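Trainee: Provided herewith is a single structure, encoded as structure tokens, for subsequent inquiry.
Each value in this text was obtained by applying a stated rule to the coordinates, not by laboratory testing. None of the values given here were measured: they were computed from a predicted structure. Neighbour counts are summed over all protein chains in view; Cβ atoms, including those assigned to glycine, are modelled from backbone coordinates with ideal geometry.
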Amino acid sequence: MAGHDLPPDWSWREIREECNPKEVYFEKLVASRQLQNDPGGGRKTLGYEAAKRYRGIFSKCREDIQILERRSEHVIAHGSFLPWPQANQAR
């Protein structure tokens, strides 16, 4: 969701703090775009769109992106996935 223009009454901080962001926000975003019947329930379309705004995502979710990058580097170097908690500890 960080790669999308969100409704003005949505707070990015509240989204990040929400325990169930998929149910509370993502599904509403999918419905507002009428993507419920798209592949992956809208994830494919929204994912492609968000990927075009990588810098915006990085500015909003820097720590998450850095963990994802560490995990990707591990796959390239070792041919196996580094679990999220382990990548998070590697800071």
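Trainee: Net charge within 14 Å of S80 by Cβ-Cβ distance, Lys/Arg positive one each and Asp/Glu negative one each, not counting S80 itself?
Mentor: +1
Trainee: Okay, moving on. Would you work out which of L46, F58, S11 lies farthest towards the positive end of the dipole of the range 1-60? Charges go on Cβ: Lys and Arg +1, Asp and Glu -1.
Mentor: Among L46, F58, S11, the one farthest towards the positive end of the dipole of the range 1-60 is F58.
Trainee: Using 0.36 nm per residue of separation minus the Cα-Cα distance, give me the extension gain between H4 and Q66 in nm, one decimal. Intermediate values should be presented prior to the final figure.
Mentor: On the way: separation 62, 0.36 × 62 = 22.32 nm, distance 1.96 nm.
Between H4 and Q66, full extension yields 20.4 nm more.
Trainee: Would you be so kind as to identify which of M1, V30, H74 lies farthest towards the positive end of the dipole of the chain, taking Lys and Arg as +1 and Asp and Glu as -1 on Cβ and the Cα centre as origin?
Mentor: H74
Trainee: Separate question: Taking the Cα centre of the chain as origin and charging only Cβ (+1 Lys, Arg; -1 Asp, Glu), how large is the dipole, in debye to the nearest 20?
Mentor: The dipole of the chain has a size of about 280 debye.
Trainee: Show me 22-30, 79-87 ranked by packing, highest mean number of other Cβ atoms within 10 Å first.
Mentor: The densest-packed peptide leads the list: 22-30, 79-87.
Trainee: While we're on this one: Can you list residues whose amide H is under 5 Å from W10's amide H, if they're 5+ apart or on another chain and H is modeled 1.01 Å from N?
Mentor: When sequence neighbours closer than 5 places are left aside, there are no close amide H contacts.
Trainee: Now for a different question. Need one number for the chain: average projected area of the convex hull over its C-alpha atoms, nm².
Mentor: Here the figure is 6.9 nm², rounded to one decimal.
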